[in-house]
Amino acid sequence: MRVLIVGVGDAFSTRHFGTSCVIEGPEGFLLVDCPDCLRRALAEASATSGWRVGIETIRDVVITHLHGDHVNGLEAFGFLHWLARRAHPAPAPRLHMGPGAAARIWERLAPAMDQGGGATLGDYFELHVLEPGMPARIAGLKVETRPTGHPVPTTALRFSNGAKRFGWSADTPWDPGLIEWLSECDLFVHETSEPPAHTPLEKLNRLPEATRRKMRLAHLGDDFDAGATDIRPLTQGEVLTP
Ligand SMILES: [Zn+2]
């Protein structure tokens, strides 16, 4: 399993793209969240890492929740694949998310994508609901979910290839139970931003050293101070090998 870090920022960052990554599983690429300017973010991460991942090669997208800094790129992603499939017929990309987000995703996209009422979500994406407590198989990886306490339905994730496990907190307030679940992974990404919707850095700094060493930070605001913690922040274009 290889993970390309595409963006590391929060919703308001002037320095970073929104937090997202591409995971290379045994059966293809899996994009975690789809923020603004995704194509540009992918191009920059590809240039930095030397590992080129094009948006057109991504067949699976996992969405943690419907806040704009996690889904604003879906319109362009959906249209790009839709146009490509008109020229060369192929299955629609698969969109995976928890039931709360799945129930409302079309409400989010329809005003821009329903083409005057003629198109539906199914014209762009094959929707797959990640049912709580039911592991899914995506891009050849086992994917487990856990709801977080963010103000809208939000799903934390664990990805396993059988040998290694990689975790992703998604947006979450401070939640020791979630961190325990994530720390069963070989490596995991945890968000940090302003409470109460997010997790303050001071709480993470007090975790045991063994947990801090497995943890990388994302969802960074412009005022994030790397000197205030020994937990390593992610950088755009970095490649993780859990
Ligand atoms: Zn959020």
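Only the coordinates and a few stated rules stand behind these numbers; no lab work does. Treat the numbers as computed from the prediction; the structure is a model and nothing was measured. Positions of Cβ are generated from backbone atoms using ideal geometry, with glycine treated the same way; all protein chains shown enter the neighbour counts.
For Thr241, the shell of other residues with beta-carbons less than 13 Å away shows a net charge of +1, using +1 for Lys and Arg and -1 for Asp and Glu. The H on the amide N of Arg216, modeled in the peptide plane, is under 5 Å from the matching H of Phe188, Val189, His190, each at least 5 residues off or on a different chain.
Starting from 0.36 nm per residue, how many nanometres of slack lie between Ala228 and Thr211 once their C-alpha separation is accounted for?
4.4 nm
For the chain, the relative contact order works out to 21 percent when only alpha carbon pairs closer than 8 Å and six or more residues apart are counted. Rg/Rh for the range 92-192 (Cα atoms only, Rh after Kirkwood) is 1.03. Derived scalar couplings between HN and Hα for the range 22-39 equal 10, 9, 8, x, x, 10, x, 8, 10, 8, 9, 6, 9, x, 4, 6, 4, 5 Hz in order, rounded to whole Hz, by the Karplus curve 6.51 cos²θ - 1.76 cosθ + 1.60 (θ = phi - 60°), x for Gly and Pro. Spherically averaged projected area of the convex hull of Cα atoms, the range 1-138: 8.9 nm². Run through the DSSP bridge list for the range 1-70 and note the antiparallel percent, rounded to the nearest 5. Rounded to the nearest five, the antiparallel share is 65 percent.
Rg and Dmax over the alpha-carbon atoms of the chain stand at 17.0, 55 Å.
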